[in-house]
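The structure appears right after this line, and notes come after that.
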Protein chains: 2
Amino acid sequence: MSIRRLVLPFLLAAIFSAQAAAAPRNVVLFVTDDQGRDAGCYGNPVVRTPNLDRLAAEGTRFDYAFCTTASCSASRSVLLTGLQNHANGQYGHQHAYHHFRSFDRIKSLPMLLSAAGYRTARIGKLHVDPPEVYRFDRELSGNARNAVQMAEQCREVIAAYDPRPFFLYFCPADPHRSGQVAAELPGKPDRFGNRPKGYPGVKEVSYDPKDVIVPPFLPDSPECRAELAQYYQAVTRIDQGLGRLVEILKESGQYNNTLVIYLSDNGIPFPGAKTTLYEPGMRLPCVVRSPEQRRRTVVSSAMINWTDIAPTILDYAGALGKGSEKPAFHGRSFLGVLDESDPKGWDEVYASHTFHEITMYYPMRVVRGRQYKLIWNIAHGLPYPFASDLWASATWQSGLKRGEKLYGQRTVDAYIHRPAFELYDLKADPHEIRNLADDPGHATVLEDLKAKLRAFQKRTGDPWIVKWEYE
Amino acid sequence: MSIRRLVLPFLLAAIFSAQAAAAPRNVVLFVTDDQGRDAGCYGNPVVRTPNLDRLAAEGTRFDYAFCTTASCSASRSVLLTGLQNHANGQYGHQHAYHHFRSFDRIKSLPMLLSAAGYRTARIGKLHVDPPEVYRFDRELSGNARNAVQMAEQCREVIAAYDPRPFFLYFCPADPHRSGQVAAELPGKPDRFGNRPKGYPGVKEVSYDPKDVIVPPFLPDSPECRAELAQYYQAVTRIDQGLGRLVEILKESGQYNNTLVIYLSDNGIPFPGAKTTLYEPGMRLPCVVRSPEQRRRTVVSSAMINWTDIAPTILDYAGALGKGSEKPAFHGRSFLGVLDESDPKGWDEVYASHTFHEITMYYPMRVVRGRQYKLIWNIAHGLPYPFASDLWASATWQSGLKRGEKLYGQRTVDAYIHRPAFELYDLKADPHEIRNLADDPGHATVLEDLKAKLRAFQKRTGDPWIVKWEYE
């Protein structure tokens, strides 16, 4: 046996114990699929989310958290790059013939964390391409409809005897529609992944359609209530997965070494939310628990958006702005304001959505402040395109069959045919019904926000900036 | 020295001479960039193309040859796959932020030829992705604006002592616009790659703007004439490259072993042609010379399209429908009708264009027969999008500045704002000015062609088929 073989174990042990002295700064990014602000801690008294509520009680609940594009692939690319999707190339869906993918040159969050000494693992939905850009050290398997099982699958990563911190990207497929219709139920709702036989380890909670809370943008119809009940059930299933994951973190002694961020990719899978940049499409849950927070049960009014997530995580990892390549993120770290309820300088967000499916070209650019929100519908000459699953939904089809002119508080016609500019006063009109873009009293506001949008596009390298001139 | 080392050279020589007995079936696919039917053999008495005219005299000149999408990347993907671009994934430009690319599963022409024992080489423009799908054995370098130099660069492939047949994909960048303005000339035309100092080996031929032939879809303005003169010069430069390439084939003793196909990717780079599926955008030069033709100087009325090119080449190579994987092409081989002026059963083409630049979403689907042509403008609610180089062109900008209402025979308004359906009687109205889609006398024709379009979309797996229902 050589000297080398004798010495190596001792050396490794020395390194391990030196690193163990400084607690690892682990990160869990928990991303749900099409979940809105439907949780106890967000004021919904019906849907049961005790684990998310507990996380909020121990951390910071953001009340003004926004995705920047209301589509799964595109939004996840924003989370993992800190860039608007118009700048990272993931303009729309990654799968099948949609075939969008990020630029090869992009430095993604997992790769930046790898470079900073993290072990990276993911489980569940990825939905971005190419694999070379979004490379994780480990890809764990598990049924993405069963977040409890997923959590168990992560145990080996969390509890591993490894001095390196871990980054766990945890992505259930709930509460996305599943495309299967519960024909035996009144209203024939989509099942939202709910199975009569349930899932191992999950205590399914079902909801009575008469109990659900129909938000103002949805029609209060039997079909919509039936679908919301299914959606709630899927939300509660995720919550149990979150609960199990926190248990495993605690059992492994890592809970107080781990930044946990819980959020959703985009709004709920109903027309009026997902794929739109109306508030139900982009205003989302975001609960953060940092082991280093001094205050707990913070409700933050800071307006944050999904381009802030990557820089925040890198900030926690001590890797923000380090390394030979410093990616210029479109967002910034909110780590420093987790203890504050009303931090200064967090009063505006921008959003940029272009595609969902490849056939759904409908570029929108948005600036949203505390009071005003401007939506620029670049392709306003087109009818608003429907995602195939939203078009087919019992919620939409039932209204169509009944010939209803209203969908929630908006007319069907206004939903489908949109003007170039929509300007809303969110204080007076939180449901975005009265467009002020043509109101002479708001001409200055409109021009100011248009100028802001254009500056945003220039700053972030938006190819669609040409549309100010060409169309 | 081993027996093996002694015997191997003899064995190789034996194999070489056995193969040499059967002449190699080489292929040259010569693809120009944005060239229209501007050549002597296509009836233009001004532009000098003696080498293409000679090829036509020795082979078959197709009078009804069509690309299926009038955009460089997309059209080249069709040539190299035999599939409509809506089915191969290359929905638009490959480069920069446009970032379209074919599906990984696609079997391209060079790879099918490689599998059939060909050595494959390319020179000049590729403009499709990913490299794994469009893999050539060799990528030759050369200035793509100098087709004469490019031809010389191919000599080593053509003259190689190698018993395998070769496939040479030869793609000049002429006569594409170059984005450089000749400010010293009247009309300030784009230079189309022409340089005052010329190119080594090229005898530049310049044209007087007063001599050029202004086609009916273009305005007869000084700026347009100045640009056409530049364009002609670039066309003549290519022609010298074709001449040199044929010389090298002859010098190498390969000319009579080589199928030569000369065509362009899409119509000329002027508004009204390139990016549109009007006739100037899609009806293109295509000259084919097969060593096995019995007749020469054939002018064929067969309606062929660019999905036919890959199957034709594979047919010549004896590799059509062979191998474990048999790609189902959208076109078919026209090798068997090269000797016929009016072959039966070649009376209809389909076209499918969706993007040029990523910001230029404008899906169109076309069926064109001998008499009628139907264009479905799927996104007809949008203003027709301009390619940045066409928008900036002296030809377009000069008319805009003069406030001209007409552009060629079409109104500017009709060019920009298009109806859902455009139905033209090409016999009575070859320049596609009088839309018959709303004419009650053509209601049956319209319905028949709509049904054909829809069947075409279904047959070829077109994602945009959903637009019959959703919009």
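For the chain pair A and B, the interface hides roughly 2500 square angstrom of accessible area in total, found with a 1.4 Å probe. A cut-off under 13 angstrom between Cβ atoms defines the neighbours of B:Phe166, and their net charge, with Lys, Arg +1 and Asp, Glu -1, is +3.
Label sites at A:Val214 and B:Lys210, each approximated as a point 7 angstrom past Cα along Cα to Cβ, lie 7.8 nm apart. Of the trypsin sites (Lys or Arg not before Pro) found in the range A:140-224, the ones in coil according to DSSP and having at most 12 other Cβ atoms within 10 Å of their Cβ are A:Lys197, A:Lys203, A:Lys210.
Label-point spacing at B:Glu251 relative to the other copies reads 7.8 nm, in ascending order, each point sitting 7 Å out from Cα along Cα→Cβ. In the assembly of identical copies, B:Ala455 has its label point, taken 7 Å from Cα in the direction of the beta carbon, separated from the corresponding points by 5.9 nm (ascending, one decimal). Excluding same-chain neighbours fewer than eight residues apart, the lysines reachable from A:Lys188 by a Cα-Cα span under 16 Å are A:Lys210, A:Lys401.
Note on B:Arg195 and B:Asn143: the model spin-label points, each 7 Å out from Cα along the C-beta direction, lie 0.3 nm apart. Each Lys or Arg adds one and each Asp or Glu subtracts one; over the other residues with Cβ under 11 Å from the Cβ of A:Ala226, this totals 0. Whole-Hz Karplus values for the range A:356-365 come out as 10, 6, 4, 7, 10, 6, 7, x, 10, 10 Hz, taken residue by residue from phi with 6.51 cos²θ - 1.76 cosθ + 1.60 and θ = phi - 60°; glycine and proline positions read x. Taking amide H as placed 1.01 Å from N in the peptide plane, the amide H of A:Asn435 sits under 5 Å from none that are at least 5 places away or on another chain. Here the protein assembly as shown carries DSSP beta bridges of which approximately 50% are antiparallel, counting only pairs with both residues inside. For chain B, the equivalent ellipsoid derived from the Cα gyration tensor has semi-axes of 37, 27, 20 Å, listed largest first. Rolling a 1.4 Å probe across the protein heavy atoms gives chain A an accessible surface of 38 Å² per residue. Expressed to the nearest 5 percent, the antiparallel share of DSSP beta bridges inside chain A is 50 percent. Within straight-line reach of A:Lys458, meaning a Cα separation under 18 Å, sit the following lysines at least 8 residues removed in sequence or on another chain: A:Lys450, A:Lys467.
Shape summary: the range B:355-471 maps onto an equivalent ellipsoid whose semi-axes, from the alpha-carbon gyration tensor, are 27, 19, 11 Å in decreasing order.
For B:Arg122, the shell of other residues with beta-carbons less than 12 Å away shows a net charge of +3, using +1 for Lys and Arg and -1 for Asp and Glu. Calculated mean residue ellipticity at 222 nm for chain B: -8500 deg cm²/dmol, from DSSP H runs with n ≥ 4 weighted as -39500 (n - 2.57), summed, divided by the residue count and rounded to 500.
What shape does the range B:287-338 have by the C-alpha gyration tensor, where a ≥ b ≥ c are the square roots of the eigenvalues, rounded means a/c under 1.5, and otherwise prolate means a/b greater than b/c and oblate the rest? In terms of gyration-tensor shape, oblate. About its Cα centre, the dipole of the protein assembly as shown is roughly 2060 debye, where the only charges are +1 on Lys and Arg Cβ and -1 on Asp and Glu Cβ. Between amide H atoms placed 1.01 Å from N, distances below 5 Å from A:Trp346 occur with A:Met303, all of them 5 or more places distant or on a separate chain. Taking 0.36 nm per residue of separation and subtracting the Cα-Cα distance, full extension of the segment from A:Glu348 to A:Asp448 would add 34.7 nm.
The distance from the alpha carbon centre of the range B:196-259 to that of the range B:41-91 is 15 Å, rounded to a whole number. Site pair B:Glu292 and A:Asn256 shows an inter-label distance of 8.2 nm when each label is modelled 7 Å from Cα along Cα→Cβ. Working note: Cα atoms of the protein assembly as shown, range along each principal axis, descending, whole Å: 86, 85, 60. Taking the label point 7 Å along Cα→Cβ, A:Gly403 and its counterparts in the other copies are spaced 4.9 nm apart, in ascending order. Listed by chain and number, the lysines whose C-alpha is less than 20 Å from the C-alpha of B:Lys125, apart from same-chain residues fewer than 8 away, are B:Lys107, B:Lys274. In a reduced charge model with +1 at each Lys and Arg Cβ and -1 at each Asp and Glu Cβ, the range B:97-245 shows a dipole moment near 340 debye about its Cα centre.
The values are calculated or read from the model by the stated rules, or taken from the named source; none is laboratory data. Keep in mind that this is a model prediction, so the values were computed, not measured. Here the Cβ is made from the backbone with ideal geometry for all residues, glycine too, and neighbour counts use every protein chain on show. These accessible areas exclude ligands, DNA and RNA; they are computed on the full protein's heavy atoms, side chains included. Shrake-Rupley method; radii C 1.70, N 1.55, O 1.52, S 1.80 Å.
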